[in-house]
Amino acid sequence: MAQPAPAVDPSNLQLPTVHVQTTPDDAAFETPAGVSTVTPDSLRMGGDTNRLLDTVPGVALGGYASQPGVAVNMRGMEGFGRVNMMVEGVRQNFRPAGHEGGSFAYVDPNFISGIDVERGAVTGRGGMGALVGAVNFRLLDVEDILRPGQNIGGRLQGMTGSNGYQWNTSVVTAARLGNGISVLGGFSGRENSQFKNGDGQIVPNTEQSQRSGLFRMNWQPNEEHRISLTGNVYENRFTSNFYDQNIQSNLVQLSYRYRPVANPLVDLDTAVSWNQIRMNNYLTEAGKFSATATGRRIVNNAIQGHISNTSRFALGGSVNVNWEYGLQYATDDTKTRRGGVNGDGTLNLFGAYSRATFTRGILSFTQGLRYDHYSLDGQGFANPALGPVPVTGAYNANNSQGRVSPRFTLAVQALDWLQPYVSYGWAFRPPTIAETMYSGPHSAGGASTFYPNPYLRPETSQGWEIGANVLRRNVIQEGDRVRLKLAYFDNDVNDLINMVSIRGTANNRAYSYSFYNNVPGKSRLRGVELEGGYDMGVAYINLTYTNTSIRYADGADHSFLPRNNLMVDAGVRLLDRRLTLGGRVRAIGNTQSLTSTGVTSAIPSYTTVDLYASYRPIDRLTLFVNATNIGNTVYTVPAAETIGGGRGATVIGGATLTF
């Protein structure tokens, strides 16, 4: 958070609008909801993919240290679409079953132009099938590379470092070709070897070899029409979940925006996309052939589309209305070869939403309404069982259900710099293919076996959020700024889907069966989220703080986020702001984790310190260095499964050249 946030792209982040006049980098601090925007500045200084969202309260990234995919935990919930992770507004549906199973989004930080986060019930486009929030990774566009009046240019970046960080380089070029046509192309690659933790011990399987490509073509014949074609390819070779893996993610999206200047009732946005993620397993992490997993292939294809419009008008001359409404559709089709416990199936989602904000004087009221419908189709065969399981023999999973999820928000502009608000909302998440079709033996001989459950019910949540935004300029001196967002949330989750295990003996044989099931009782999520800072130009300080109290329903996996999580970032800008020197302190409270192997592990509290610097000797060249965990603290990332797997002291340096 060392730099002010860039403009929030309204085509990707669906936020309730309160003020007509707003500064783009302040938009999140004028929005009565748990929203945040992250800039890619720290990533361009060598940041770790698994620390993309360090500066966002209420959010953590889980999974194995060896897994390059992003798995977002929000307010204590993660996996299987509970957080709708998107790349350029396209849902990421890859959910393989395994020790690290859940949900992953694969995105190259070198191509990120910003990250938009919305916590809680989401009634806009990002809310389809989401239980606790949405995250959208926006990709670079022509305007991110070319300056006003520039017709051709690019950005070249390279970096290298210590502790396994070998090299990371990218080149992005863009051009305005005339007649409203512009293009962008980029290539990126990185090589990492295994890194060490703070004790100097190698964290196994943390190497990776990644290549990525990005393409855009825009046609904007005038200020009212814009057509965009976007293509993104991500490929990575790594070892995780006990196997050598290759992941390739392909994304293609065609979008159209129509904004007639003279008609405030029309602001049309529509897009269709195809996203495919392919996973191939090779040898085991020990370099050996596996009779059950070598040659495994999982392919997820997703076709999506949406159309939305925003109408702006006045009622009775005194009430301003901003009304967004739309339709969306998405498919999630999974096919496997030697898939192990991963099953084949298709999940179809349909959504319709409306969100209208009525503003009169200092009061604004937002009425959001979503309708989501899902249908899931799959077939399979489950072996006979010695104990009670959901199904045996041949079965069909043909489920469908729809639900209305409203959200209401009342905000008051009490002072020109103070906006308290309160909201109450509902959310709905359907069961996924992975949870429904999870089936097969875990070990040789079938002593431990997984069973499918075609009778899963959707998860639902409802709850309060009470908060306040502070945005004030010229506080101590001319041009300074204070920004603050504070929120308290209290949510109940019903019908939580979680892995359930049963063990016993029958016919003188011991058995162990596991399957996903709806856990009885309520899970309660409560907490306080704070983010903000003070910037006076020559110096700045920013902070985020999260306090959570999470009580899962009986029988649920007790994997907690730390109760307290604090991050403070401060620095100075010298030499006419060409030189930035700063530091970041992260203090994470103690917690515990029940890993996928069933072993409960205590996770102690820890504190890490980072230092960073950047220098711009000429306008088009930036040199930077970033030293993380300079005290070599040994730690375990909360919501992760690699105990003691936090990266030890690492120094990364590089340069960015624009031309």
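The values are calculated or read from the model by the stated rules, or taken from the named source; none is laboratory data. Everything numeric here is computed off the predicted structure, so don't read it as measured data. Here Cβ is always computed from backbone atoms with ideal geometry, including for glycine, and neighbour counts include all displayed protein chains. Just so you know, the surface numbers come from the protein's heavy atoms only, side chains and all, with ligands and any DNA or RNA stripped out. Shrake-Rupley method; radii C 1.70, N 1.55, O 1.52, S 1.80 Å.
Computed FRET efficiency, Cβ-Cβ of Ile541 and Ile307, R0 51 Å: what is it to the nearest 0.05? The partial results should precede the final answer.
Values: r = 43 Å, r/R0 = 0.85.
With a Förster radius of 51 Å, E is 0.75.
Suppose each label sits 7 Å from its Cα in the direction of the beta carbon; what would the His442-Ile227 distance come out to in nanometres?
5.3 nm
Take the solvent-accessible surface of the protein heavy atoms, probe 1.4 Å, and return the percent of it on the range 332-431 that carbon and sulfur atoms account for. Before the final figure, lay out each step's value.
Working: 2560 of 4430 Å².
Of all accessible area on the range 332-431, carbon and sulfur atoms account for 58 percent.
Express in whole angstrom the spacing between the alpha-carbon centres of the range 388-451 and the range 303-352.
16 Å
Please give the contour-minus-distance gain from Ala394 to Asn250: 0.36 nm per residue of separation, less the Cα-Cα distance, rounded to one decimal in nm.
On the way: separation 144, 0.36 × 144 = 51.84 nm, distance 3.41 nm.
Full-extension gain reported as 48.4 nm.
Ranked highest first by average number of other Cβ atoms within 10 Å, how do 409-421, 646-658 line up?
Values: 409-421: 17.2, 646-658: 19.3.
Top to bottom by mean Cβ count within 10 Å: 646-658, 409-421.
Suppose every Lys and Arg Cβ carries +1 and every Asp and Glu Cβ carries -1, with no other charges. What dipole size does the range 401-559 come out with about its Cα centre, to the nearest 20 debye? Could the numbers behind the result be given before it?
Details: 15 positive and 14 negative charges, 77 e Å.
Rounded to the nearest 20 debye, it is 380 debye.
Just to confirm my numbers, what's the Cα centroid distance between the range 151-229 and the range 254-276 in Å?
Cα centroid to Cα centroid, the span is 26 Å.
Under a straight-distance cross-link criterion of Cα-Cα below 17 Å, which aspartates and glutamates are reachable from Lys196, leaving out those fewer than 8 residues away in the same chain?
Asp48, Glu207, Asp610, Glu641
Grab the beta carbon distance between Glu143 and Asn263, set R0 = 22 Å, and tell me the FRET efficiency rounded to 0.05.
Numbers: r = 24 Å, r/R0 = 1.11.
For Glu143 and Asn263, the calculated efficiency is 0.35.
Given 0.36 nm per residue, what is the gain on full extension from Gln367 to Asp554 after removing their alpha carbon distance, in nm? The partial results should precede the final answer.
Values: separation 187, 0.36 × 187 = 67.32 nm, distance 3.40 nm.
Value of the extension gain: 63.9 nm.
Between Phe381 and Leu574, what length in nm is gained on full extension when 0.36 nm per residue of separation is reduced by their alpha carbon distance?
Numbers: separation 193, 0.36 × 193 = 69.48 nm, distance 6.73 nm.
Contour length minus the Cα-Cα distance gives 62.8 nm.
Could you do me a favour and compute the accessible area per residue for the range 282-330, 1.4 Å probe, result in Å²?
Numbers: 2480 Å² over 49 residues.
That works out to 51 Å² per residue.
May I ask which residue of Asn632, Ile588, Gly504 lies farthest towards the positive end of the charge dipole of the chain, with charges of +1 (Lys, Arg) and -1 (Asp, Glu) on Cβ and the Cα centre as origin?
The residue sitting farthest along the positive end of the dipole is Gly504.
Enter the Cα centre distance for the pair the range 489-568 and the range 78-94, rounded to the nearest angstrom.
Answer, in whole Å: 18.
What ranking do 468-476, 363-371, 495-503 get when scored by the average of other Cβ atoms within 10 Å per residue, highest first? Present the calculation step by step, with values, prior to reporting the outcome.
On the way: 468-476: 15.4, 363-371: 19.4, 495-503: 17.8.
Ranking the peptides 468-476, 363-371, 495-503 by packing returns 363-371, 495-503, 468-476.
Taking the Cα centre of the range 474-531 as origin and charging only Cβ (+1 Lys, Arg; -1 Asp, Glu), how large is the dipole, in debye to the nearest 20? Write down the numbers at each step before the final one.
Details: 8 positive and 7 negative charges, 92 e Å.
Charge dipole, the range 474-531, about its Cα centre: 440 debye, nearest 20.
If the range 316-412 were replaced by its equivalent ellipsoid, with semi-axes equal to the square roots of 5 times the Cα gyration tensor eigenvalues, what would those be, largest first, whole Å? Kindly include the intermediate steps, with their values, before the conclusion.
Working: eigenvalues 421, 41, 21 Å².
So the three semi-axes of the range 316-412 are 46, 14, 10 Å.
Kindly work out what percent of the DSSP beta bridges joining two residues of the range 399-513 are antiparallel, to the nearest 5. Don't skip to the answer; put the middle values down first.
On the way: 39 of 41 bridges.
In the range 399-513, DSSP labels about 95 percent of beta bridges as antiparallel.
Could you check the simple spin-label distance between Ile502 and Phe350, using points 7 Å along Cα→Cβ, in nm with one decimal?
Label-label distance for Ile502 and Phe350, simple model: 3.6 nm.
Of the beta bridges DSSP finds with both residues in the range 85-156, what % are antiparallel, to the nearest 5? Before the final figure, lay out the partial values.
Details: 9 of 12 bridges.
Around 75 percent antiparallel, to the nearest 5.
If packing is taken as the mean number of other Cβ atoms within 10 Å per residue, what is the order of 174-181, 609-616, 30-37, highest first? Don't jump to the answer; show the numbers that get you there.
Numbers: 174-181: 14.6, 609-616: 18.8, 30-37: 25.8.
The peptides rank, most packed first, as 30-37, 609-616, 174-181.
Once you sort the root eigenvalues of the Cα gyration tensor of the range 273-344 as a ≥ b ≥ c, which label holds: rounded (a/c under 1.5), prolate (a/b larger than b/c) or oblate (the other case)?
Working: a/c = 5.94, a/b = 4.25, b/c = 1.40.
Verdict is prolate for the range 273-344.
As an exercise, use a Förster radius of 60 Å and the Cβ-Cβ distance of Asp199 and Phe659 to find the FRET efficiency, rounded to the nearest 0.05. Intermediate results must be reported in sequence, preceding the final value.
Numbers: r = 43 Å, r/R0 = 0.72.
Result of the calculation: an efficiency of 0.85.
Over the range 279-391, what relative contact order in percent results from Cα pairs under 8 Å that are six or more residues apart? Present the calculation step by step, with values, prior to reporting the outcome.
Details: 220 pairs, mean separation 22.8, N = 113.
RCO, the range 279-391: 20 percent.
Computed over the Cα atoms, what is the radius of gyration of the range 152-230 divided by 2.2 N^0.38 Å, N being its residue count?
Dividing the Cα radius of gyration by 2.2 N^0.38 Å gives 1.64.
Taking 7 Å along the Cα-to-C-beta vector as the label spot, tell me the Arg338-Arg457 distance in nanometres, rounded to one decimal.
With each label point 7 Å from Cα toward Cβ, the separation is 4.1 nm.
If Lys and Arg each add +1 and Asp and Glu each add -1, what is the summed charge of the other residues whose beta carbon sits under 12 Å from the beta carbon of Gly527?
That works out to +3.
For Cα pairs less than 8 Å apart in space and 6+ apart in sequence, what is the mean separation divided by the residue count of the chain, i.e. the relative contact order in percent?
On the way: 1971 pairs, mean separation 77.6, N = 659.
Relative CO of the chain lands at 12 percent.
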